[in-house]
Amino acid sequence: MLREITIKASQADVSLASGLEGRSVVRLEGNWYFDPEAVDMRYLKVTERTYVCPHKGICFWIDLDAPGQQARDVAWVYTIIKPNYEYIKDRIGFYGGTRAATREA
């Protein structure tokens, strides 16, 4: 049975991403990677800030700007990817579980 994974903004209580595990969502290292079509970008802004992972590649941080809640680095997207991680390229990554700004629902 496929499980639906949803990420919400903790304080604003708006849904940021939702999809079926194994279809539009994959799990890697405890985090969720959503197909771009499964993410509501209304309250998310891709920044120019980057992170270089020695294993996966280079990602851009994504900030949250929702009514009543703003936060930095709530998500990320790898646009330059290293071998063996091609399946997360261009997917929007979110932390699994509950964090200060987001929660898995």
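Pairing residues of the range 1-12 that are modelled with pLDDT under 95 with residues that are of a type in the set (Lys, Arg), at Cβ distances under 7 Å and at least 6 apart in sequence or on separate chains, gives 2/23; 10/103. Checking each residue in the range 73-102 for being over 23 Å from residue 22 (Cα atoms) and exposed (fewer than 13 other Cβ atoms within 10 Å of the Cβ) picks out only 100. Among the residues of this structure, residue 75 counts as one that is within 14 Å of residue 90 (Cα to Cα) and either out of contact with any His (no Cβ under 6 Å at 6 or more places or on another chain) or part of a strand (DSSP E or B) (or both).
For residue 58, the test of being in contact with a Lys or Arg (Cβ under 8 Å, 6 or more places away or on another chain), part of a strand (DSSP E or B) and surrounded by 13 or more Cβ atoms within 10 Å (Cβ to Cβ) is failed. Only residues that are at pLDDT 95 or above and exposed (fewer than 13 other Cβ atoms within 10 Å of the Cβ) were counted across the range 21-39, and they come to 5.
The values are calculated or read from the model by the stated rules, or taken from the named source; none is laboratory data. Computed from a predicted structure; not experimentally measured. Don't worry about glycine lacking a Cβ; one is built from the backbone with ideal geometry, like all the others, and counts go over all protein chains shown.
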